[in-house]
Amino acid sequence: MKEEDILLKKLGKENSFKVPDGYFENLTSEVMNKLPEKEKVVFKEESVSTWTRLKPLLYLAAMFVGAALIIRVASTDRKPATVDEVAVTEVDTEVVSDEMLDVALDRAMLDDYSLYVYLSDASVE
């Protein structure tokens, strides 16, 4: 505290930074006057060729043709349904031996009670 008191006595409490009167009122106009003049740029209107105008439209058309070809190629993997295939609407059932059922149940790891619950729930619906 003693050092602060000594400094305050030497320097005083008033602000040592002062700005001349009216400095900020004239600052903007003085800065603008010191700037160099801008050169006015005159844009020369160039004629646009037909190719330049049509290029985006041709690119757009090419994009749609390409997309259509890709879709066509991707969809040719499927065979159209013939009359014979459409006529067969019956459900094919296979006869499965008890031996195959035992193997499937063993691999399902179901005990008798879990199998009973599963089958009884399925038959209710």
Q) Do you know which residues across region 52-72 are hydrophobic (A, V, I, L, M, F, W, C) and open to solvent by 100 Å² or more (accessible area, probe 1.4 Å)? A) LEU57, MET63, PHE64, LEU69, ILE70, ILE71
Q: Determine whether SER49 is of a type in the set (Gly, Ala, Ser), loosely packed, with under 10 Cβ neighbours inside 10 Å and under 56 Å from the mean Cα position of the chain (by Cα).
A: yes
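The values are calculated or read from the model by the stated rules, or taken from the named source; none is laboratory data. This one's a predicted model, so the numbers in the text were calculated from it and none came from an experiment. Neighbour counts run over all protein chains shown; Cβ positions are idealised from the backbone, glycine included. Just so you know, the surface numbers come from the protein's heavy atoms only, side chains and all, with ligands and any DNA or RNA stripped out. Shrake-Rupley method; radii C 1.70, N 1.55, O 1.52, S 1.80 Å.
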